[in-house]
Every structure is written in C-alpha cells, then in structure tokens.
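Peer 1: One structure is given below, represented as structure tokens, and several questions about it will come after.
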Amino acid sequence: MTKSQEIVIRSLHRIEELEEVRKLESSIWGETDSIPAHQTLTAVKNGGLVIGAYCEGKLIGFQYSFPGFNGQSAYLCSHILGIDERFRNKGIGEKLKLAQREEALKLGYSLITWTYDPLESVNGYLNIAKLGGVCSTYIANCYGEMEDLLNSGIPSDRFLVEWHIDKKETTDSSGQGMPLDFVMENSLIQWDTVEKGLPVPSFTRPLPEQECETAFVALPKDFRTIRVTNIQAANEWRMKTRDIFTGLFQQGWQVTGFMKNSMTEIPVQFYVLSRK
C-alpha cells in the first residue's frame, strides 16, 4: 500500500457486499465454513454492524459485530476482524475499530466486548494500549481445538475485552511511565532467548503481595513465529500465561495497559495490570 492509496471505511448493508466479506474471511483463515452472508445481513438488520475497509475499490478488511444481552443491558459483541495479509500492520485495524465505535454510539450502545488471544502482541497493543479496552476475564480453550491457519496446535485461550465507548475514544497506555528495566525485572514471567532470538518462558514469580498496585506480565513479540517453529515453546507460553492471568484475575486485578518496546534485543512486550 502506498501513500496515494486511500483507505475508505464504511458500513456495509447489501448482500453483495456481505458476500465479499465472507470470501475475504475464508481467504484469511483458510476456512470453507466462513460466516454466511445471510447471517451477517440478518445481524445488520437487527442491531449488528459490518464495516468494510476498501483500497482502490477492493475490500481488504472487515469487522463484524452482533447484539448481546446480559439480562440487564444490551451491548455489542465484536465477533471478528480480518485484514488481507498484504495490508496488515498499517493501522487499518484501528480505523475499523474507531468506525465501529462511531456507528455503535449511533445505535445507542455504550459497551463493546470481544475476545482475542492474549499472546498476540499486535492485538494486545491495539485493544489495550490504543483503544483503551480493559480485561479481567480469562477464558481457557474458549473455542475448543481450532484447525484454521492462525490457531491450530495450541488451546484457544482468550481474553474477554470490555471497551466502554461512551467514556473515552482512545487512550495510549503503552508506556505507563515505567522504566523498561524495572518492568523486565518485575515481570511475573521471565524468559530465555533461544535460536533466532525467540523467547521461551523460564520461570514465573509469585503473584504480587496485597500492597502492590501494579503488575507486569511478559508475552512474546512474535508468537506466531514461535507457534510455527517451536510448538512446545508456544504451549509453554500458553500454559504459563494462563496460570498467571487466572490467578491475577481471581485476586481482583485487571489488564489496563500494554507496554510496547522497540528494542530488537528484547523479544517480549508487557501487559500492565492494576487492581480494580
């Protein structure tokens, strides 16, 4: 994508547009059982949203949401966001989410929820640091064993994110004002660097004492490469982070920040947690 290629974001309502969404979803995840257009059309007509990103008239990304209800209030369930591989890491995901927020507010929603793999650092940075979502729920093996291109080989653990869209548009909680050395030393998960500079978890620290106000948890910068090249290390990251986050959430902690570092010799990023 060049600077001259403008990205157009808009809501989708026609069956022809939604069929293009289905085809893009199938190409991204390598699945034949993508969400049928008649289902997304029904959702759009009943409080849901499908938002598309276009480059030179071609659909290159989308976001699909449907209404949810918890017995007391309605909210928007953000089910899936996908971007053509050639257009990733260009800020399109953030554009789709901000458009989702704008359209959701028009429909009267104040809360959007979704799940994502907590080991996917790009998603963590967007969902927590950029958008200002928070998380205090960990779902182990949320979708069972998944065989698609992005999820096969390890349990499908997920964070449940809450995005309170009526309170703020975006936030940048990527730094938190903490020195990197301090964060590294106090991370509840420590790591060793092995072949190709990839991190492998080495040991975990005890959960913080009651008087502590901030906690840090490391995660790999590039979990997808670890999963492809070292499935044992990928599962070690999964199980150690599962144990840490489950314990923290049970003690009343929540993820409120994400610390991104650009130092190539440090192969991890960090979640920042605070007490509710």
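Peer 1: Calculate the dipole size of the range 60-119 relative to its Cα centre from +1 charges on Lys and Arg beta carbons and -1 charges on Asp and Glu beta carbons; express the result in debye to the nearest 20.
Peer 2: That gives a dipole near 140 debye.
Peer 1: What part of the accessible area of the chain, given as a whole %, is carbon or sulfur when the probe is 1.4 angstrom?
Peer 2: 49 percent
Peer 1: Would you please calculate the Kirkwood hydrodynamic radius of the range 32-89 over all C-alpha pairs and express it in Å, rounded to one decimal?
Peer 2: Kirkwood radius, the range 32-89: 12.7 Å.
Peer 1: Shape of the range 40-133 from its Cα gyration tensor (a ≥ b ≥ c, root eigenvalues): rounded if a/c is under 1.5, otherwise prolate when a/b > b/c, or oblate?
Peer 2: Oblate is the answer for the range 40-133, as a/c is 1.5 or above yet b/c matches or exceeds a/b.
Peer 1: Hey, of (i) 56, 43, 31; (ii) 53, 43, 39; (iii) 80, 38, 35, which did the structure itself give for Cα extents along the principal axes in Å when calculated?
Peer 2: The listed entry that was calculated here is (ii).
Peer 1: Now for a different question. Counting other Cβ atoms within 10 Å of each Cβ, which GluC sites (Glu not before Pro) in the range 19-74 have at most 12 and sit in a DSSP loop?
Peer 2: GLU56
Peer 1: Counting helices only, and only those DSSP H runs with n ≥ 4, report the 222 nm mean residue ellipticity of the chain as the sum of -39,500 (n - 2.57) divided by its residues, in deg cm²/dmol to the nearest 500.
Peer 2: It comes out at -8500 deg cm²/dmol, rounded to the nearest 500.
Peer 1: Now for a separate question. What's the local net charge at ASP84, with K and R +1, D and E -1, over the other residues with C-beta under 13 Å away?
Peer 2: +1
Peer 1: Over the range 77-154, with the other protein chains present, what is the accessible area per residue in square angstrom, probe 1.4 angstrom?
Peer 2: 43 Å²
Peer 1: So for the pair LEU59, ARG10, with labels modelled 7 Å out along Cα→Cβ, what separation do we get in nm?
Peer 2: 1.4 nm
The values are calculated or read from the model by the stated rules, or taken from the named source; none is laboratory data. What you are looking at is a predicted structure, and each value in this text was computed from that prediction instead of being measured. Here Cβ is always computed from backbone atoms with ideal geometry, including for glycine, and neighbour counts include all displayed protein chains. Note: areas computed on protein heavy atoms with side chains; ligands, DNA, RNA excluded. Shrake-Rupley method; radii C 1.70, N 1.55, O 1.52, S 1.80 Å.
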